[in-house]
1. Stick to the Cα atoms of chain B, pair each with every other, and give me the Kirkwood hydrodynamic radius in Å at one decimal.
2. Bin width 10 Å, origin at 0, all Cα-Cα pairs of segment A:31-317: what percent of pairs per bin?
3. Using alpha carbon centroids, what distance separates segment B:55-122 and segment A:139-194, in Å?
4. With charges set only on the Cβ (+1 for Lys and Arg, -1 for Asp and Glu), what does the dipole of segment B:10-219 come to about its Cα centre, in debye to the nearest 20?
5. How many angstrom lie between the C-alpha centres of segment A:215-260 and segment B:167-232?
6. Using a Gaussian network model of chain B with C-alpha springs under 10 Å, which one of B:Pro119, B:Pro278, B:Pro238 is most mobile by mean-square fluctuation?
7. Tell me whether segment A:14-54 comes out rounded, prolate or oblate; compute the Cα gyration tensor, take square roots of the eigenvalues as a ≥ b ≥ c, and use a/c under 1.5 as the rounded threshold.
8. What does the helix-only formula give at 222 nm for the protein assembly as shown: each DSSP H stretch with n ≥ 4 adding -39500 (n - 2.57), the total divided by the residues, and the result rounded to the nearest 500 deg cm²/dmol?
Amino acid sequence: MSGFDPKKQAANIVVWLLLIAVPLWLPAVGGYIELGSRVVVLGLAALALNFLLGYTGVLSFGHAAYFGLGAYGVGMMIRYLVPSTGLGIVFGTLVGTVAAALIGPLIVRLRGVYFAMVTIAFGQVFYFIAFRWNSVTGGDDGLTGWTRQPLHFGFATVDILHKPNAFYYLVLALFALAAAVMAYLLRSPFGRTLLAIRENERRARFLGIPVDRHIWISWVISCGFVSLAGTLYALLNNFVDPRALYWTQSGDFVIMAVLGGMRSFWGPLIGAAIYVVLQDYLSSETANWQSFIGLFFVLVVLFFPRGVLGILRRKAAS
Amino acid sequence: MTQLILFDAFNGLIVGAFYALMALGLSLILNLSGVINFAHGGFLAIGGYLAYMLIPYIGFWGALIVAPLLTAVLGLIVERVLIRPLYGRDPLYSLLLTFGLAFIFEDGTRFIWGAQSLPFQVPGWLVTPLSSQYFFLTGYRLFMVLTVAIAVTGLFLILTRTRLGMRIRAGTLDLETVSVLGVNVRILRNLNFGLGIYLAGLAGVLAVGQLGLQPTVGSSLIMPSFVAIIVGGLGSLPGTLLGGLLIGVASGITTVFFPSASEAVIYVMMAAVLLVRPRGLLGEEGRF
């Protein structure tokens, strides 16, 4: 875990090179650049969820709420207040993070399945608000009538609306920033404390670690980055609807993390890639794609509980 | 105005009875096996559709008895084949598995019976209003409340008076000791799961007479059932019952004053309960 690990560094370099070169190789294998953007956005959400799920050992099933809050935040900012993509991203992320910080104290004392149940139930409040408050959120039809705005850098203006590659690199830049912050935090004493809580909460408590406060902070960080992913998701679609905050969306994030491997940093990104591509394929092939997704959940749980990276790592060890 | 409030409160009570019936089944399974059964709503829908298929052959009353039992048998099979391998693993996995099952059930019922609402025949004499002033008091609604009351009484009698029920309650407190005392915990969990699914199936048969029969009937009931469990108190079945009725009535009364908040109000109640009394209204201290 500590020190310089050449294998790990090599893996990091490969991941980043592949991500940076997406516009070059993705069309060649039959994909399109928006699909790449979607993988990176949902990968960011899954990575952020895994900060809590895989590294703190807290089972949250309600992250869609903060994802959706971020999405509505950016949409409303651009639609009603200031037509600026950058400001919208900041605002959306802030809305989701503040909501998570406020709800945190109510739930950090719960553990295990009960934590999952309460987080998922709380998520529904925001769903119903978005669903019912027609005049502001557009209700079931979603928030329309806005598009992502060009980025102004002082010296240059980048049109991210009509140039999918430019938008992809915006997404990737924010993804890199978020991933770097999370990786840094996990390596810090704070991150090590989270691991200690995951491994043995009682012992951590005996050592004098304020466990509830650590879980609260981890929850806020995790939800904050999920709302960032939510803002990017809304910008990607130029559209938000209440389904972005529905509880089934939370399940998608969890399955991505599990599918890729919860115990590894890049696992959730790989899970997101597999899941997004599979969903894209199934929904274009069959009307009953929901059944296949459900079946996929069951198969992953029964046969690949460690995820792709977990299996690879085990093979490498044996 | 009084009549309107009474009407909505009574409506809420009926909806609350559904929440309670569903939440009791969820609670049974959660307490003994630590599994959140996301597919509970799917089982409810299947109970309804089975009744729909059976009514032409054995009538409404026959279906009321047979359909929940068939649903329970399906529950026993699902537990045996899919959920049993997951005991002892991180609760995350059973959560994801039942989550996937919920997708399959919803899509499967849509595939077999279609997405549109199906007509559901209840006996004619049950549908007529009993009083012209309180027009909302139809026989069917009273019958539903009565059936739920009987089912809940039956459940509590099973839990307190039979050997199986005592073992379930003991297992909820300390499964290891129960196992050491020679009880086959696997069978216990299996039967307990079946009992919970029976309640879902029964709720399904009753619900479709009230809410209409469509594939999403279950998924709209499952979230409030979670809230019922949390409000009532984790680990307490009387609490779950109380929680279900309470949020049903609260949501009904909110409909009078602020209709668009009728769904959100139960989550506000949940937040209030968690803030003031984190273990829930009737939950035991320090259990979770």
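1. So the Kirkwood estimate lands at 19.4 Å.
2. 7, 28, 36, 22, 6, 1
3. 42
4. Roughly 400 debye for segment B:10-219.
5. Taking the Cα centre of segment B:167-232 as reference, the centre of segment A:215-260 is 30 Å away.
6. B:Pro119
7. prolate
8. Result for the protein assembly as shown: -24500 deg cm²/dmol, rounded to the nearest 500.
Read-outs: derived from the displayed coordinates by stated rules, not from any lab. For clarity, every value in this text was computed on a predicted model and none was experimentally measured. When we count neighbours, we look across all protein chains shown, and the Cβ atoms used for this are built from the backbone with ideal geometry, even at glycine.
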